[in-house]
Amino acid sequence: MDLLEQLQTTPEFAEFSPEELTALSKAMVVGDFPDEYEFIREGEKGETLFFLIDGTVLVTRYSHQLGSAEYVEKLKSGALFGLISLIDHGHRAATCKAEGQVTVGSLPRAAFDLLCNANATLAQHFQFAIARQLANDMRIYNQALSKLITSEDKALFYGTIRAASFEYRGIERRKQDRRQQSDRRHRAYFWSDTQD
């Protein structure tokens with residue numbers, strides 16, 4: 001089965017028109033990769049979207065509690081991965097490695113941006129794909145959190161919550177941090193003036 005046929009039979013692309021799928025298949029580069037090939041490394045910048053044509057890709061994420069990588073999920077044929085960080089220009093949230101020989105189509109950022117800028121409908125379809133992926137990720141996190149809450153080790157649970165809240169650096173938190181730094185500088189400046 002070639003890439004275009006695979007795209008046509010994958011639920012992720014059910015909303016794409018035949019023309020959009022043809023354009024996408026022409027922009028992707030298909031290759032075979034060996035066992036343990038690392039497509040994505042957690043923490044690195046995302047520059048490529050991947051489409052798993054054949055094989056299995058193992059997704060892991062570093063656990064501060066374990067001090068090592070923990071299993072998240074296994075991706076099967078037809079899975080898209082690397083999409084979110086390609087959109088938000090952020091860092092990869094997990095590591096994705098081949099489990100056995102795999103065939104993967106890759107789409108670099110430049111080609112992705114060109115496709116989305118040239119076709120608003122195609123860009124909208126990718127936005128829906130992102131929403132589905134985020135919903136799936138949220139389910140995985142909720143399941144892990146539920147297991148942690150019901151576990152016998154309450155200290156581990158509360159330690160995890162404290163670590164997560166301490167590590168969070170969202171936009172509002174960063175704004176608050178900048179305001180506090182600015183206030184400290186103003187107080188220091190004012191204090192030095194009154195001492196002269």
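I'd like to verify a number: residues in the stretch 87-132 that are among the aromatic types (Phe, Trp, Tyr), assigned by TED's automatic domain parsing to the domain that holds Ser17 and more than 26 Å from Tyr37 (Cα to Cα), how many? Adding up the residues that qualify gives 0. Among the residues of the stretch 81-98, is any closer than 27 Å to Leu145 by Cα, of a type outside the set (Val, Ile, Thr) and touching a His at 6+ places or on another chain (Cβ under 8 Å)? Yes: one or more hits. When the stretch 19-41 is limited to residues that are out of contact with any Lys or Arg (no Cβ under 7 Å at 6 or more places or on another chain), of a type outside the set (S, T, N, Q) and without any contact (Cβ under 8 Å) to a residue 60 or more places away in the chain, the one that is nearest to Thr103 (Cα to Cα) turns out to be Lys26. Across the stretch 61-107, the qualifying residues are those that are part of a strand (DSSP E or B) and of a type in the set (Asp, Glu), and the one among them that is surrounded by the fewest Cβ atoms within 10 Å (Cβ to Cβ) is Glu70.
Against the condition in contact with an Asp or Glu (Cβ under 7 Å, 6 or more places away or on another chain) and closer than 14 Å to Gly105 by Cβ, how does Val30 come out, does it pass? No, not satisfied.
Screening Ile130, Ile149, Ile161, Ile140 for residues that are surrounded by 10 or more Cβ atoms within 10 Å (Cβ to Cβ), modelled with pLDDT of 75 or more and more than 30 Å from Phe13 (Cα to Cα) leaves exactly one candidate, Ile149.
In the stretch 110-127, how many residues are buried (at least 17 other Cβ atoms within 10 Å of the Cβ) and within 17 Å of the chain's Cα centre (by Cα)? So the answer is 2.
The values are calculated or read from the model by the stated rules, or taken from the named source; none is laboratory data. All of these numbers come straight from a predicted model, not from anything done at the bench. Using ideal geometry, Cβ is built from the backbone for each residue, glycine included, and neighbour counts are taken over all protein chains shown.
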